[in-house]
1. At 1.002 mPa s and 20 °C, plugging the Kirkwood radius over alpha-carbon pairs of the stretch 1-124 into Stokes-Einstein gives what diffusion coefficient in µm²/s?
2. Could you compute how fast the stretch 337-408 diffuses translationally, taking Rh as the Kirkwood radius over C-alpha pairs and applying Stokes-Einstein at 37 °C with viscosity 0.692 mPa s? Give it in µm² per second.
3. Relative to the present Cα-Cα distance, how much length would full extension add between Ala423 and Ser179 at 0.36 nm per residue of separation?
4. Given a cut-off of 20 Å, name the pairs among Lys60/Lys168; Lys175/Lys253; Lys29/Lys327; Lys253/Lys294; Lys439/Lys482 whose C-alpha atoms lie farther apart than that in the structure shown.
5. So if I take the centroid of the Cα atoms in the stretch 468-494 and the same for the stretch 427-462, what is the distance between those two points in Å?
6. Using only Cα atoms, locate the centre of the stretch 343-380 and the centre of the stretch 174-224, then give the distance between them in Å, rounded to an integer.
7. Taking the radius of gyration and the Kirkwood hydrodynamic radius from Cα positions alone, what is the Rg/Rh ratio for the stretch 56-147, to two decimal places?
8. Quick one: if the Förster radius is 25 Å, what FRET efficiency do Ala195 and Tyr370 give, using the C-beta to C-beta distance and rounding to 0.05?
Amino acid sequence: MQVENEKTRKVLIVGGGTAGWMTANLFAKQLSDKGFSISLIESDNVPTVGVGEGTTPYIKRLFESLNISEQEWMPECDATYKSGITFAEWSTTPGFTQYFHPFYSQHDSEAIEAFKQITRLRHHGYDVPVHPNDYFLQATLVKQGKLPFLQHDESGQNVYAYHFDAAKLGLYLAKVARSLGVKHIVDHVIRVNTAASGDILSVETEHSGEIQADLFVDCTGFSAMLIGKTLGVPFHSFKDNLLNDAAVAIPTKIDNTYSPQTISTAMSNGWRWEIPLTKRKGNGYVYSSQFQSKSSAESELRHILGDTILEDAQAHHVDMRVGRMDKHWHKNCVAIGLSQGFIEPLEATALQIVQISIEEFLTQYQRGNYTTQYQEYFNNGVNNVFEHIRDYIVLHYLTNSRAGSTYWATCRNEIKLSDSLQAIMEVWCQGEDLDAELKRQNITMYYSEPSWYVLLAGMGIFPSRNQNQMQTHEEANSFARKIRGRVLDIASHY
Ligand SMILES: Cc1cc2nc3c(=O)[nH]c(=O)nc-3n(C[C@H](O)[C@H](O)[C@H](O)COP(=O)(O)OP(=O)(O)OC[C@H]3O[C@@H](n4cnc5c(N)ncnc54)[C@H](O)[C@@H]3O)c2cc1C
């Protein structure tokens, strides 16, 4: 165990939500043996945000780097597997009223290329099968109610994510972090003190006095107590791009229809999630407060969930601050989690951004020999993550075809598009080479090529053509049938 002495660098993480505990674990893993002591303080009178149950496959890295097996953590957190997300009722185009955004498996490479070629033919007026669900393995497995891996496959190449109970995951990660030597303080921070240099010197607490540190991690959630309120780093709202700024969550009973997916269904002024856990189902309605009040959103959700709602379940309302900080690392403070920014949860990307931010911070902090040398590099990188993930989320709203709703019409016609997204839409709508455009913009590390194709094709976004004037393409049709047969064959082994 590291003995504290004058050379020990102190890290204080303020906030014990999922972001705080993920930070505590990954910092402890990488910095404890390098002369750092790590403490985490959380208030017992500021609750965690209490949502955040869906993930992307990136989260597997967290458990892998902590050497925690699924058998160990999943039962404690009521966790289930996730193969992707179904988007239902976002589009009204016949044949495209729902599609599945899969996590791609090692078996999908041929299907990905085939799907891209087929969509290009559709752009050029051929009547070919362009619904993504027919092409990808996970879509087929989900349809067949199968898990995203072979029972005895040791290859470790399976690509999937998880759903979990966020509160239970927080408790689990806290236990692991304490076992890694993280000091856990339960107290409320009442003030943050700064030095003449602008660095944070210490926090003052209700019961534990003043706590000093060399490096502070702001994990205080939407309040951004250190990075925003104390250091005054500006916040860039995404309200011109994304309208939703509120959510209401209500749990329901589990039923026997488990399938390893999140379902996102369009609602009158937003969308709702359905997330299967082992002991309950998570549900929430994400909406725009400009278009719907809290009570009406809750009623709409309650009406849909009906008598499946858990007895005594309370509706949990959350106001969302959607956007990002101008800088995520400023002076001797790095913000991780909702304090650094938030893109609404449509693709469940928040914890992925948390993890990327922690990993990248640790890389740059160590590369700069524990100085701020690579601060700007880090901030630019994280800002790019936010901007490009935001664009992919915006695309869902932009391509909706729901009629008779001011909210959905506003999403289609009035939301602001970045230059990057504008260019992508132009290329797609003109039937030009989308791969080349994504490559030119160098953005496939945020969302891979197939995800752009799946979204645009899945929503039925193609040049409108009279069905009778479309040409047949027998070669492409038989190729598509061949791919479909192969997918079904692979799925039959699961
Ligand atoms: C509606 C909604 C749905 C979401 N769905 C998903 C999803 O499906 N997938 C996903 O990846 N993410 C999702 N997220 C985001 C996810 O919930 C968060 O990224 C994650 O929970 C991390 O939150 P956090 O730890 O930053 O903040 P919080 O959970 O808010 O934690 C803040 C912590 O700071 C502490 N604190 C605050 N003030 C003080 C103080 N003065 N003194 C001491 N401690 C203090 C609190 O006690 C608490 O411990 C969703 C978010 C919302 C709003």
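1. Approximately 112 µm²/s, per Stokes-Einstein.
2. On the way: Rh = 14.0 Å.
My calculation gives 234 µm²/s for D.
3. Working: separation 244, 0.36 × 244 = 87.84 nm, distance 4.93 nm.
That pair, Ala423 and Ser179, stretches by 82.9 nm at full extension.
4. Pairs exceeding 20 Å: Lys175/Lys253; Lys29/Lys327; Lys253/Lys294; Lys439/Lys482.
5. The stretch 468-494 and the stretch 427-462 have Cα centres separated by 21 Å.
6. Comparing the Cα centres of the stretch 343-380 and the stretch 174-224, I get a distance of 19 Å.
7. Reported Rg/Rh (Cα atoms, Kirkwood Rh): 1.08.
8. Numbers: r = 18 Å, r/R0 = 0.71.
Plugging the Cβ-Cβ distance into 1/(1 + (r/R0)^6) gives 0.90.
Rule-based calculations on the coordinates, nothing more; no lab input. All figures in this text were calculated on a predicted structure; none of them were measured in a lab. Note that each Cβ is placed from the backbone with ideal geometry, even for glycine, and that neighbours are counted across all protein chains shown.
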